[in-house]
Protein chains: 2
Amino acid sequence: MNNTSKPVYLKLRDIISESILDGEYSEGDMLPSVRAFAIEQGANPLTVAKAYQGFQEDGLVTVKRGVGMFVASGAKIKLRDAQRADFIKNIWPPVERQMKRLNIELDELLENEA
Amino acid sequence: MNNTSKPVYLKLRDIISESILDGEYSEGDMLPSVRAFAIEQGANPLTVAKAYQGFQEDGLVTVKRGVGMFVASGAKIKLRDAQRADFIKNIWPPVERQMKRLNIELDELLENEA
DNA sequence: CATACTGCTTCACTGCCATAATACAGCGAT
DNA sequence: ATCGCTGTATTATGGCAGTGAAGCAGTATG
């Protein structure tokens, strides 16, 4: 949703997600280390670790202790499916409800970008 | 623990908004008192007051101290326009971005409800 | 004035987020 | 084995948001 009023570790998680979905990090690639990513994003290493933690719990990254964290096999599809399901179940319904309440048509939303 | 991911005072705010937009409370009508609405919604009076507070700051309700809170003149249109603007500016863009990223077509969203 | 409603203010508790300073543990190259 | 990287655990602290209890303040009515 809004990236401005969101906890840092969730924003970091979104950045990783998008990087994987967009192919910036392919399966088997090593993700930035917690320390490197922390410096890059101006965050605390522990906050980055907290963001990474969710991915390993979901099996999207595998940890080689002492080496680094790597994008797991099938992570891209798995991530895509999970986000699609979440979007359809949790994101879209309130959006559609709001559109109906405010009489917003899809046309006026799609015109705004060529 | 927190099955309700959204703060109570924001949910209350949404309820008020919808009631005004749907015409349940017309302009000049008195809104439920903080205590009455608190009991009705199973919330704390202070939480209700906090929800109401945002509306008076936006000039959508006028306060007659010691009497009650009343829907301001032009509140419905004002509220509708504000929510439309917010939707188009803040809500829709990330939704659309996510749809593109996940290759979600509008068709599969609109089919689910006939 | 007394009563009963109204909104609102103050103080405090709780939980979550982010940060910090260490310290520990695993791996690879020199 | 040592050095330098990797992730992880511990404990503590500051800040902030959400909620709640009690009481203060304004208004209408009799």
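Readers should treat all values here as calculations from the given coordinates under stated rules, not as data from a laboratory. Not measured: the values here are computed from a predicted model. Neighbour counts are summed over all protein chains in view; Cβ atoms, including those assigned to glycine, are modelled from backbone coordinates with ideal geometry.
Placing a label point 7 Å from Cα along the Cα-to-Cβ axis, A:LEU106 is separated from the same position in the other copies by 0.4 nm, shortest listed first. Note on chain B: lysine pairs with Cα distance below 21 Å, sequence gap of 8 or more or different chains, count 12.
Altogether, the Stokes-Einstein calculation at 4 °C and 1.567 mPa s, with the Kirkwood radius of segment B:27-67 over Cα pairs as Rh, returns a diffusion coefficient of 122 µm²/s.
The helix-only estimate of mean residue ellipticity at 222 nm for the protein assembly as shown, built from DSSP H runs of length n ≥ 4 each weighted as -39500 (n - 2.57), is -16500 deg cm²/dmol after division by the residue total. Under the combined filter of DSSP loop state and at most 12 neighbouring Cβ atoms within 10 Å, segment A:14-53 retains these GluC sites (Glu not before Pro): A:GLU24. With a cut-off of 15 Å between beta carbons, the residues surrounding A:VAL8 carry a summed charge of +2, where Lys and Arg count +1 and Asp and Glu -1. Approximating the spin labels as points 7 Å out from Cα along Cα→Cβ, the B:ASP81-to-A:ILE15 distance works out to 3.9 nm. Within chain A, the ratio Rg/Rh, alpha carbon atoms throughout and Rh by Kirkwood, equals 1.07. Over the protein assembly as shown, the fraction of Cα-Cα pairs per 5 Å bin, rounded to whole percents and listed from the shortest bin up, is 1, 5, 11, 13, 13, 13, 12, 11, 8, 6, 4, 2, 1, 0. Return a whole-number percent for the relative contact order of chain B, with Cα pairs under 8 Å and 6 or more residues apart as the contact set. With pairs under 8 Å counted, the relative contact order is 23 percent. What separates the A:GLU18 label point from its copies, with the point 7 Å along Cα to Cβ, is 3.1 nm, written shortest first. Of A:LYS50, A:LYS89, A:LYS100, which has the largest mean-square fluctuation in a 10 Å C-alpha GNM of chain A? Per the Cα network of chain A with a 10 Å cutoff, A:LYS100 tops the list.
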